Every structure is written in C-alpha cells, then in structure tokens.
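Novice: I have a structure here, written as structure tokens, and I will follow up with some questions on it.
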Amino acid sequence: MTTRYRFGIQAAAVYSQSQTATVSPFATSYYVSTGGNDSSVGTSPSTAVLTIAAAIALTTAGRGDTIWIAPGTYTEAVLIPKSHTIFRAAVMGNVGRPTVVITSNIADMVQIDVDGTQWYGIEFLAGGATTDNLVDIADTAAVSGVVFDSCVFNGAAQTSVVGIQADDAS
C-alpha cells in the first residue's frame, strides 16, 4: 500500500540566520512519552512527562536543555518554548518520516519568540479548520537561530494553513 502526503511540506533542513543553540555543560535532558505523567520529574525515559508543555516548563531558558519525545501523537495547547531549547524525536522514522506528531486545533500551534530553538524529526499537523499557522516565529519579537531539521509541516487538507509564519516582528 502506498501512502501519499499532499498537504504538507517536508523540511530536510530549515535554518534561521547563523546562530545555533549554546549548550551548557549544565544542560539537562527531559523526556516525554504518551505513557508519561506530568507530575513526574521527566529526567529519564522511566520518569517521562506526558505533555511537551510540561517538559518545556521543566527546562531552563538559555541553558541548551534537550526534550526527547517518544514516538506518538501529542495533542497540545499552544507551545511556547524557552530560548535555546532543543526538541528531538527519540526515534527517527523510516525514510525520514517523523515518528512524533504534534497536533492541535488552535490558531498558532507553536509560538517561537525566543532565540535558538531547534526541532529535529517532528511532524507539525493541523488539527482542524481553526489552525492558521503550524509554527509562528517572531510574532512579538525578532528571533534568530531557529532550526527545523527532518521535520514535516502538514496542513491536513486545510487550504489556509501556513507551515511556518515568520514575518511578523522581523
């Protein structure tokens, strides 16, 4: 059986300016799993949190913390990352297809108004007609150093969905 993906774009690599996240020797890894618990500490796969939002809350801005996301679909409210946070799929999919899907039916699923966030191997999926932008960069402040590598931006047949909105405050 052949699966065709018509309403998304796949980004092998999208980079914003030349800044990359500064990783501190004090950076921490946090883990997210569909079997996790948001009251957990999230510092190992066995103590993973349930939502990406909970993992973001545990990170420290500017430190270069990494959020490892187990395969699965995560329906989240708006995600607002802290600066220099790295988001990685814990398992890369076959032929570059992401195993991690972030979805929601809200106007802007991910809002990035900080420098240095990096996203690896994640699919951003419009959850319905309310979604306008899968990722909104620089909505309230100019940003740099944003990386999307091996990510998919899937509008899910919604004709008005923008994969990456990046011209508001730049």
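The values are calculated or read from the model by the stated rules, or taken from the named source; none is laboratory data. All values reported here derive from a predicted model rather than from experimental measurement. Note that we place each Cβ from the backbone using ideal geometry, even for glycine, and neighbour counts take in every protein chain shown. For accessibility, only protein heavy atoms count, side chains too; no ligands or nucleic acids. Shrake-Rupley method; radii C 1.70, N 1.55, O 1.52, S 1.80 Å.
Novice: Tally Lys and Arg at +1 and Asp and Glu at -1 over the other residues with C-beta under 12 Å from the C-beta of Ala126: what net charge comes out? Could you put the intermediate results ahead of the total?
Specialist: Numbers: positive: none; negative: Asp108, Glu123, Asp132.
That works out to -3.
Novice: May I pose another question? What shape does the stretch 72-150 have by the C-alpha gyration tensor, where a ≥ b ≥ c are the square roots of the eigenvalues, rounded means a/c under 1.5, and otherwise prolate means a/b greater than b/c and oblate the rest?
Specialist: Values: a/c = 2.16, a/b = 1.14, b/c = 1.90.
In terms of gyration-tensor shape, oblate.
Novice: In the stretch 113-170, what percent of the accessible surface is made up of carbon and sulfur (1.4 Å probe, ligands and nucleic acids excluded)?
Specialist: Here carbon and sulfur together make up 43 percent of the probe-accessible area.
Novice: Would you pull out the residues with amide H under 5 Å of Asp65's amide H, same chain only if 5 or more places away, H placed 1.01 Å from N?
Specialist: Under 5 Å from the amide H of Asp65 lie the amide H atoms of Thr28, Thr60, Ile86, each far enough along the sequence or on another chain.
Novice: Could I ask something else about it? Between Gly72 and residues 5 or more places away or on another chain, which pairs have amide H atoms under 5 Å apart, with H built 1.01 Å from N, and which residues are they?
Specialist: Distant-sequence amide H within range of Gly72: Val100, Val101.
Novice: With just the Cα atoms defining each centre, how far is the stretch 23-59 from the stretch 109-135? Give it in Å.
Specialist: Value for the Cα centre distance between the two parts: 19 Å.
Novice: Considering only protein heavy atoms and a probe of 1.4 Å, how much of the accessible area of the stretch 25-93 is carbon and sulfur, as a whole percent? The partial results should precede the final answer.
Specialist: Numbers: 1840 of 3080 Å².
The value for the stretch 25-93 is 60 percent carbon and sulfur by accessible area.
Novice: Keeping all protein chains in place, calculate the accessible area per residue for the stretch 83-170 (probe 1.4 angstrom), answer in Å².
Specialist: 35 Å²
Novice: Let me ask you something else. Using a Förster distance of 25 angstrom, determine the FRET efficiency expected from the C-beta separation of Ser144 and Ala107, and round it to 0.05. Intermediate results must be reported in sequence, preceding the final value.
Specialist: Details: r = 24 Å, r/R0 = 0.96.
Once rounded, the FRET efficiency stands at 0.55.
Novice: Once label points are set 7 Å from the Cα along Cα→Cβ at both Ala77 and Asp132, what is their separation, rounded to one decimal in nm?
Specialist: 1.9 nm
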